[in-house]
1. What are the pairs with Cβ atoms under 7 angstrom where one residue, in segment 96-108, is closer than 14 Å to Arg60 by Cβ and the other, located anywhere, is surrounded by 13 or more Cβ atoms within 10 Å (Cβ to Cβ)? Sequence gap at least six, or different chains.
2. Out of Ala53, Ala103, Ala68, Ala98, I need the residue that is under 14 Å from Val137 (Cα atoms) and touching a Leu at 6+ places or on another chain (Cβ under 7 Å). Which one?
3. Yes or no: Gly32 touching a residue at least 24 places away in the same chain (Cβ under 8 Å), surrounded by fewer than 16 Cβ atoms within 10 Å (Cβ to Cβ) and small (Gly, Ala, Ser)?
4. If Glu131 passes every condition in (1) outside any helix (DSSP H, G or I); (2) farther than 20 Å from Asp13 by Cβ; (3) within 12 Å of the chain's Cα centre (by Cα); (4) not hydrophobic (A, V, I, L, M, F, W, C) but one, which one does it miss?
5. Of all residues in segment 101-135, which are surrounded by 19 or more Cβ atoms within 10 Å (Cβ to Cβ) and in contact with a Gly (Cβ under 8 Å, 6 or more places away or on another chain)?
6. Could you pull out every one of the strands (runs of 3 or more DSSP E) wholly within segment 42-100 that has 1 or more residues that are buried (at least 19 other Cβ atoms within 10 Å of the Cβ) and of a type in the set (Phe, Trp, Tyr)?
7. For segment 99-106, does any single residue satisfy the condition of being under 27 Å from Lys31 (Cβ atoms), of a type outside the set (A, V, I, L, M) and touching a His at 6+ places or on another chain (Cβ under 6 Å)?
8. When Gln92 is evaluated against the numbered criteria (1) closer than 23 Å to His139 by Cβ; (2) within 14 Å of the chain's Cα centre (by Cα), which criterion, by number, is the only one it fails?
Amino acid sequence: MGFLGKLFGTEKDLPALDPSSPGAKRIEQLKGPLEAFVGKLHDPVELIPAERAIYAFIGRPPDRFGIAWFEKDGAEHNLKTLVKAKGLTVLQQNTLSAHLRKAYEKHVNEPRFSTTIGGKKVKVIPSTDLEADLTKVIHEVD
């Protein structure tokens, strides 16, 4: 909804993430790096707390978005670091972005929750299916 949704109260309120849930526990393990990350952003953030990493869609997926992820050690990664590490071409980058968009769209009806990180409200999608798709797209890129 964005600004107008907030202004007119039409933006959907999400239920709070259960603090005892596996996703909340994963977020708590990386609280420091996530607070620093969310604190420097002005765009909305949607977290997918996964076993391997915590993924963060930034912006307005599936249309305009960025993605970052935090490994268990708290190291931040994003498309820029992935492109550099893998030496991806522009065509491969575009394909990667398209696959990320499809993964998000495929799981658009998954339950969403809210939590507060660093004083900002963020969405949380504790979906093992979305997690599996993101892991495949990001970590198995050639």
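1. Short answer, once both residue conditions are applied: Leu100/Ile67; Leu100/Val137; Arg101/Pro62; Tyr104/Phe57; Tyr104/Pro61; Tyr104/Pro62; Glu105/Pro62.
2. On the way: Ala53 fails: touching a Leu at 6+ places or on another chain (Cβ under 7 Å); Ala68 fails: touching a Leu at 6+ places or on another chain (Cβ under 7 Å); Ala98 fails: touching a Leu at 6+ places or on another chain (Cβ under 7 Å).
None of the others qualify; the one that does is Ala103.
3. Answer is yes for this residue.
4. Among (1) outside any helix (DSSP H, G or I); (2) farther than 20 Å from Asp13 by Cβ; (3) within 12 Å of the chain's Cα centre (by Cα); (4) not hydrophobic (A, V, I, L, M, F, W, C), Glu131 violates only (1).
5. Hits for segment 101-135 are Val124, Pro126.
6. Answer list for segment 42-100: 53-60, 64-71.
7. Checked segment 99-106: no residue is under 27 Å from Lys31 (Cβ atoms), of a type outside the set (A, V, I, L, M) and touching a His at 6+ places or on another chain (Cβ under 6 Å).
8. (2) is the only condition that Gln92 fails.
Values in this text are rule-based calculations from the coordinates and carry no lab data. Just so it is clear, the model here is predicted, and its values are computed rather than measured. Note: ideal-geometry Cβ built from the backbone for every residue, glycine included; neighbour counts use all protein chains shown.
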